[in-house]
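Contents: one structure, followed by commentary.
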Amino acid sequence: VRRVAYRARALYATQMLVFLGLVAAIELHVRGSGRWDMSLLASNPWEGIAYGATLLYEPWYLGILPIYILFLVLTPIILLQFDKGNARRVLALSALLWVVSGLLIHLPSNPSGVDFGPYNPLAYQFVFISGLAFGTRLLSIERLSHAMRQRLVAAAALVTALCLILRLQYAFGGPLND
């Protein structure tokens, strides 16, 4: 827990240095800083700094570090639950939260207030917690039969190909963009 707290503190300090560097660049009107989608800082710098310091407002592409800090802080709690034999409950709750976050929960994305940018911590937690389960060997692909592993690889290839097709059609203005 002490190592996690030390790491989270170091990451928070790094995040604040980068964030305040961006604030300074905007205030100094550095060329190109208008394209950084930091409208709250441009309209109300002190409110933007206050929200940024609490990690509730992050410029796009900086939102991943606060999520990492959150997950880092939650890691000892999750691992303790795994050790207590609650892995199935933790994974089921994580999967349920992931599904609900995609269907029902819409996090605020108000550039004049709370804004998590493109990163939804409720959705990404499933990937993180699943990774912890694989890393601790509570989940193991090696335990699956050969046929099941082949099905898993085929399903992963199918999902990957579908996502690639959707991404390419989006990038090139395909019919689904309308």
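Tabulated data for the structure shown
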| quantity | calculated |
| --- | --- |
| Gain on full stretching of the segment that runs from ALA24 to LEU164 - 0.36 nm per residue minus C-alpha separation | 46.6 nm |
| TYR57 long-range amide H proximity, modeled H, under 5 Å | GLY52, ASP115 |
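Here, each number is a calculation from the coordinates, and none is a lab measurement. Treat the numbers as computed from the prediction; the structure is a model and nothing was measured.
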